[in-house]
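All remarks here apply to the structure that follows.
The values are calculated or read from the model by the stated rules, or taken from the named source; none is laboratory data. What you see is a predicted model, and the numbers here were worked out from it, not measured in a lab. So basically every Cβ, Gly included, is an ideal-geometry build from the backbone, and we count neighbours across all protein chains shown.
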Amino acid sequence: MTTNQRGCLVGLGLLVFAAVVCVTIPFIALPGANAAAAIPVIQVPGEILVHHWKPLGIDLGEDFNLINTMTSLFLVDIIVLVIAFAGWRVSNGWRKKVPTNRFQTLLELIAGGLYGFVRNTAGNKNARSIFPLVATIFLFLLFANWMSIIPGIESVGKFHCAHPGTNGYPATQVNENFLGVAVYQLRNSQPLFGGDPVDLDMEHACAAATGLGEEAAEGEHAETTGDPLEEHRFHITPFFRPAATDLNLTIALALISFTFIQVYGFKEQGLNYLQKFIPVHSLGNLSKKPLGAIDLIVGPLEFISELSKIVSLSFRLFGNIFAGGILIAVMLFLLGTGLPIVFYALELIVGLAQALVFAVLTLVFVAQAMEGHHGDEEHHEEHA
């Protein structure tokens, strides 16, 4: 058998395997087991898990709710802190210069690469002060972005009656008492079925009959002719949703980055940092350089450009991560299994790239702010 013939056989075998995995499982096996993929509720704001949440018993107001992007934020914070503590412990309080285990070696490899990049961009003088900011942003966003590929994220959550304006599915109770909590599963026997539309009356009837609504009627239960889980329509609000899919987080990170840009600029140049917005130096030198009057136009443009960094940083990160989550949800709904693995791999790359882009842009903006607007001109004037 020639090489081409073997290649054709291997290719044919892969096609048959793909057909079995991507057709038989999602369109025959899963619907037959009442476990066909349910279309998720896609919305920009994070979904509410606990209404009027009181952390540690502190009442922060009726409008303060626990949403699933906040739980992801807490989880990522814990992961980063645990890694930092583990690194501190295995390195004997950062005093062990020669790594003696793989974990410390990996941390030093990552930290050394980041520090070298910061040093090459900002210079030796400023690298030590900028590095903690850049490294923290990178590690935080890396784990936050990669949450979307963890099994159970956006598929395991709070079971409740479907809200008006969304689609719901009948359900079944899988376990009566798992760690003291009843476990439910949506039932879907039709492939590519988006669920039944739900209105306000249907939600109220479901809440009254099952007690699984946000505002279940107290002491009132609707009469049912069978299993209420079959008669009513339900949905699942995930316990965790990738934190960067919430615009609140990306804007907050962009504001933090923007604040540090200004702090480092004033720290390095003092009030002279304002020269790029208010060109006093150019106005005072008009007799020698009349073209310096152009800075009167450039100054306001620089101010607008500085504010636009908040928009560009926040919406770039939000758009890429939110779109990636929708892409995975759509592929899982259409194919069930198999091919979506490719998109999970793509999300790994996108998550890494977006974390790196946000950290690098912050580094570049800080380095530019510390560099000065008229530093080169004043340097040449002093020599003259």
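Number of residues in the stretch 228-262 that are in contact with a helix residue (DSSP H, G or I) (Cβ under 9 Å, 6 or more places away or on another chain) and either part of a helix (DSSP H, G or I) or free of Cβ contacts under 8 Å to residues at least 24 places away in the same chain (or both): the value is 21. In this structure, does PHE74 turn out to be assigned to a loop (DSSP other than H, G, I, E, B) and among the aromatic types (Phe, Trp, Tyr)? For PHE74, the condition - assigned to a loop (DSSP other than H, G, I, E, B) and among the aromatic types (Phe, Trp, Tyr) - is not met. Can you tell me which residues in the stretch 63-79 are surrounded by fewer than 16 Cβ atoms within 10 Å (Cβ to Cβ) and modelled with pLDDT under 90? Within the stretch 63-79, ASP63, PHE64 meet the criteria. Taking the criterion of being of a type in the set (Val, Ile, Thr) and either farther than 21 Å from PHE239 by Cβ or without any contact (Cβ under 8 Å) to a residue 24 or more places away in the chain (or both), the only residue of the stretch 63-79 that qualifies is ILE78. Of all the listed residues (ASN34, ASN65), the sole one being touching a Lys or Arg at 6+ places or on another chain (Cβ under 7 Å) and polar (S, T, N, Q) is ASN34. The residues listed here are GLU231, GLU218, GLU223; of these, the one that is modelled with pLDDT under 90, surrounded by fewer than 19 Cβ atoms within 10 Å (Cβ to Cβ) and within 19 Å of ASN167 (Cβ to Cβ) is GLU231.
Looking only at residues of the stretch 139-180 that are charged (D, E, K, R) and in contact with a helix residue (DSSP H, G or I) (Cβ under 9 Å, 6 or more places away or on another chain), we find that the one that is modelled with the highest pLDDT is LYS158.
When ILE48 is tested against (1) aliphatic (A, V, I, L, M); (2) modelled with pLDDT of 80 or more; (3) over 30 Å from ALA171 (Cβ atoms), only condition (3) is not met. Identify all residues within the stretch 29-45 that are hydrophobic (A, V, I, L, M, F, W, C), farther than 16 Å from PRO170 by Cβ and without any contact (Cβ under 8 Å) to a residue 24 or more places away in the chain; write none if there are none. The one that is hydrophobic (A, V, I, L, M, F, W, C), farther than 16 Å from PRO170 by Cβ and without any contact (Cβ under 8 Å) to a residue 24 or more places away in the chain: ALA29.
Rundown of residues vs (1) within 17 Å of the chain's Cα centre (by Cα); (2) among the polar types (S, T, N, Q), yes/no style:
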{"site": "ASN65", "(1), (2)": "no, yes"}
{"site": "ASN68", "(1), (2)": "yes, yes"}
{"site": "THR71", "(1), (2)": "yes, yes"}
{"site": "VAL76", "(1), (2)": "yes, no"}
{"site": "ARG95", "(1), (2)": "no, no"}
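Here is a list of conditions, (1) closer than 30 Å to SER189 by Cβ; (2) within 17 Å of the chain's Cα centre (by Cα), and ILE39 meets all of them except one; can you say which number that is? With (1) closer than 30 Å to SER189 by Cβ; (2) within 17 Å of the chain's Cα centre (by Cα) applied to ILE39, the lone miss is (2). Yes or no: the stretch 19-33 includes at least one residue that is surrounded by 11 or more Cβ atoms within 10 Å (Cβ to Cβ), in contact with a strand residue (DSSP E or B) (Cβ under 8 Å, 6 or more places away or on another chain) and of a type outside the set (Lys, Arg). Checked against the condition, which is being surrounded by 11 or more Cβ atoms within 10 Å (Cβ to Cβ), in contact with a strand residue (DSSP E or B) (Cβ under 8 Å, 6 or more places away or on another chain) and of a type outside the set (Lys, Arg), the stretch 19-33 yields at least one hit. Answer yes or no: is there a residue in the stretch 295-310 that is modelled with pLDDT of 80 or more and small (Gly, Ala, Ser). The answer is yes, given that some residue of the stretch 295-310 is modelled with pLDDT of 80 or more and small (Gly, Ala, Ser).
Looking for something touching a Lys or Arg at 6+ places or on another chain (Cβ under 9 Å) and either surrounded by fewer than 14 Cβ atoms within 10 Å (Cβ to Cβ) or touching a residue at least 60 places away in the same chain (Cβ under 8 Å) (or both) - is there at least one such residue anywhere in the stretch 85-99? No.
Filter the stretch 34-47 down to the residues that are more than 17 Å from PHE333 (Cα to Cα) and surrounded by 16 or more Cβ atoms within 10 Å (Cβ to Cβ) and list them by number. Those that are more than 17 Å from PHE333 (Cα to Cα) and surrounded by 16 or more Cβ atoms within 10 Å (Cβ to Cβ): GLY46, GLU47. Does LEU60 satisfy being in a helix (DSSP H, G or I), without any contact (Cβ under 8 Å) to a residue 40 or more places away in the chain and surrounded by fewer than 18 Cβ atoms within 10 Å (Cβ to Cβ)? Answer is no for this residue.
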